[in-house]
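The structure appears right after this line, and notes come after that.
The values are calculated or read from the model by the stated rules, or taken from the named source; none is laboratory data. Just so we're clear, the structure is a prediction, and the values are computed from it rather than from any experiment. No Cβ is skipped: glycine too gets one built from the backbone with ideal geometry, and neighbour counts run over all protein chains shown. To get the accessible areas, we keep the full protein, side chains included, count just its heavy atoms, and leave off ligands, DNA and RNA. Shrake-Rupley method; radii C 1.70, N 1.55, O 1.52, S 1.80 Å.
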Amino acid sequence: MTDILPFLKSLLSISGLSGFERPAAQLIEEKWRPLVDETSISRVGSLHGLKKGSGKEPRPSIMIATHMDAIGMRVSQLTDGFLHITNVGGIDIRVLPGMEVTVHASGSGEELPAVIAMPSARLLPESEANDAVAIKHLLVDTGLTPRDVEVKVRIGDLVSFANEPLELSGDVVSGHSVDNRGSVAALTVCLEELQNKSHRWDVWAVATVQEETSYLGAYSSAFQIRPQVAIVVDGTFAKGPGANGWQTFPMGKGVGLCIGPNMHPFLHEKLKEVAERTEIPWFLDVTPAHSGTDAYAIQTTFDGIPTALVEFPIRYMHTPVESVVVKDIQRAGRLLAEFIASLDEDFVNTIVWE
Ligand SMILES: [Zn+2]
């Protein structure tokens with residue numbers, strides 16, 4: 001199996017905030033171009049890669065959706081040369097102070113290095129002095145004079161995490177946007193695996209936009225492609241200090257197969273069969289309601305596209321130090337490829353809800 005680590009690290013080194021995914025799309029397109037027959041960008045910026053199947057036309061198609069957008073921040077106000085920020089997507093604000101960030105300054109077109117700082121505890125309201133500080137009190141410091149900031153930075157400019165991914169021991173990589181660039185890496189593993197496998201169905205590899213904010217990419221790509229079947233890959237909560245044992249899953253122990261209202265039970269069973277047959281370890285994740293992923297959007301498109309959700313555990317979700325075991329990503333990718341290779345032309349007619 002190819003080593004996905006270098007590509008994963010490059011995915012974790014670029015911005016591409018929700019709604020502004022172009023840097024991520026460019027990097028992914030470059031990687032996918034030799035692995036698929038054609039690539040294109042949707043009207044809202046999602047990346048589509050089509051790998052044609054060997055079956056007779058018209059061929060059924062499967063869409064694998066991985067969101068490429070990242071959470072981050074935006075400038076909400078300028079005060080004496082410092083930037084106030086607000087969040088893009090659901091960010092865990094407790095870990096922001098002290099982070100290195102990049103301000104994408106539209107006034108000058110520069111990428112300004114900066115840090116997130118916090119006023120001294122003595123200057124904060126008493127209620128905030130000892131606990132996590134609300135985002136409205138945090139400041140981004142570029143080091144520039146107030147005058148230069150006024151010229152270079154505009155309200156609304158993006159602020160992305162700048163910390164480089166870090167390889168920890170035990171096959172763990174930590175960085176910003178592991179959710180969900182880890183899934184993009186898994187889909188890339190799948191495409192690489194498919195180079196040596198025959199598959200009858202057309203495969204649409206999709207890196208969606210705006211999952212963290214609106215599901216825009218998932219909805220619009222499902223409409224454009226109208227696949228017979230879809231699989232979404234996303235992160236789930238890993239076990240770790242302070243995490244309860246019943247909503248979390250161990251890292252490095254395999255991939256999650258979800259059941260719940262947004263997942264087609266028949267597809268779930270098939271994925272389970274393939275995982276068992278190919279000896280890919282898996283765990284069951286019961287999602288009681290709306291999955292909070294692209295699976296919701298794709299499944300509720302048209303007459304209800306049969307959709308499954310494959311997951312890998314992430315520690316410290318929605319922080320700049322999200323951590324993952326690389327082997328779980330490889331496993332997710334291999335499972336996707338094995339599943340796709342197992343599809344015969346008639347599969348679509350065998351799908352029943354119950
Ligand atoms: Zn996600």
| message | Suppose we filter segment 81-118 for residues that are in contact (Cβ under 8 Å) with a residue 40 or more places away in the chain and either on the phi > 0 side of the Ramachandran plot or of a type in the set (A, V, I, L, M, F, W, C) (or both); how many remain? | response | 16
| field | Residues satisfying the stated conditions in segment 134-178, i.e. acidic (Asp, Glu) and part of a helix (DSSP H, G or I) | value | Asp148, Glu150
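Could you identify the single residue in Glu192, Glu211 that is touching a helix residue (DSSP H, G or I) at 6+ places or on another chain (Cβ under 7 Å), crowded, with 23+ Cβ neighbours inside 10 Å, over 22 Å from Val348 (Cβ atoms) and not basic (Lys, Arg)?
Working: Glu192 fails: crowded, with 23+ Cβ neighbours inside 10 Å.
Every option except Glu211 fails the conditions.
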| Which numbered condition Val149 misses (of (1) closer than 29 Å to Ser120 by Cβ; (2) open to solvent by 10 Å² or more (accessible area, probe 1.4 Å); (3) more than 16 Å from the ligand (Cβ to nearest atom)) | (2)
| said: As an exercise: evaluate Ile329 against (1) within 18 Å of the chain's Cα centre (by Cα); (2) in a loop (DSSP other than H, G, I, E, B) and give the number of the one condition it does not meet. | reply: (2)
| task | Spot the failing condition for Gly16; the list is (1) modelled with pLDDT of 95 or more; (2) at negative phi, and only one is missed. | result | (2)
| field | Residue identified as under 20 Å from Leu187 (Cβ atoms), surrounded by 23 or more Cβ atoms within 10 Å (Cβ to Cβ), within 16 Å of the ligand (Cβ to nearest atom) and of a type outside the set (Gly, Ala, Ser) among Ile298, Ile340 | value | Ile298
| Residue match in segment 231-239 (condition: modelled with pLDDT under 95, away from the ligand (no atom under 14 Å from the Cβ) and of a type outside the set (A, V, I, L, M, F, W, C)) | yes
| Conditions: (1) in contact (Cβ under 8 Å) with a residue 40 or more places away in the chain; (2) within 26 Å of Leu50 (Cβ to Cβ). Asn196 meets all but one. Number of the miss? | (1)
| note | Among Glu273, Glu322, the single one that is touching a Ser or Thr at 6+ places or on another chain (Cβ under 9 Å), touching a residue at least 60 places away in the same chain (Cβ under 8 Å) and of a type outside the set (A, V, I, L, M) is Glu322
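Conditions (1) of a type in the set (S, T, N, Q); (2) in a loop (DSSP other than H, G, I, E, B); (3) surrounded by fewer than 24 Cβ atoms within 10 Å (Cβ to Cβ), marked per residue:
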| residue | (1), (2), (3) |
| --- | --- |
| Ala275 | no, no, yes |
| Glu279 | no, yes, yes |
| Pro288 | no, yes, yes |
| Gly292 | no, yes, yes |
| Val310 | no, no, no |
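Assess whether Gly55 counts as being touching a Lys or Arg at 6+ places or on another chain (Cβ under 8 Å), farther than 28 Å from Ile225 by Cα and part of a loop (DSSP other than H, G, I, E, B).
Details: touching a Lys or Arg at 6+ places or on another chain (Cβ under 8 Å): yes; farther than 28 Å from Ile225 by Cα: no; part of a loop (DSSP other than H, G, I, E, B): yes.
No; evaluated as a whole, the condition is false for this residue.
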| note | Given (1) touching a strand residue (DSSP E or B) at 6+ places or on another chain (Cβ under 8 Å); (2) within 16 Å of the ligand (Cβ to nearest atom), Leu168 misses just (2)
| field | Only one of Arg200, Arg226 that is at positive phi and more than 16 Å from the ligand (Cβ to nearest atom) | value | Arg226
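For every residue, the table says whether it meets (1) in contact (Cβ under 8 Å) with a residue 40 or more places away in the chain; (2) closer than 30 Å to Arg33 by Cβ.
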| position | (1), (2) |
| --- | --- |
| Thr208 | yes, yes |
| Ser221 | yes, yes |
| Arg226 | yes, yes |
| Lys239 | yes, no |
| Gly242 | no, no |
| Leu257 | yes, no |
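State all residues of segment 174-188 that are within 16 Å of the ligand (Cβ to nearest atom) and either among the hydroxyl-bearing types (Ser, Thr, Tyr) or surrounded by fewer than 23 Cβ atoms within 10 Å (Cβ to Cβ) (or both); if no residue qualifies, say none.
Filtering segment 174-188 for residues within 16 Å of the ligand (Cβ to nearest atom) gives 175-187.
Across segment 174-188, the qualifying residues are Ser177, Ser183.
Give me a count of the residues in segment 72-98 that are open to solvent by less than 20 Å² (accessible area, probe 1.4 Å) and either assigned to a strand (DSSP E or B) or within 20 Å of Val232 (Cβ to Cβ) (or both). First the steps, then the outcome.
So the first thing to find is which residues in segment 72-98 are open to solvent by less than 20 Å² (accessible area, probe 1.4 Å), and the list is 72-73, 75, 81, 83, 85, 88-89, 96.
Next, from what is left, pick out any that are either assigned to a strand (DSSP E or B) or within 20 Å of Val232 (Cβ to Cβ) (or both): 72-73, 75, 83, 85, 88-89.
The qualifying residues number 7.
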| For segment 101-121, how many residues meet the condition of being open to solvent by 10 Å² or more (accessible area, probe 1.4 Å) and under 17 Å from Pro23 (Cβ atoms)? | 8
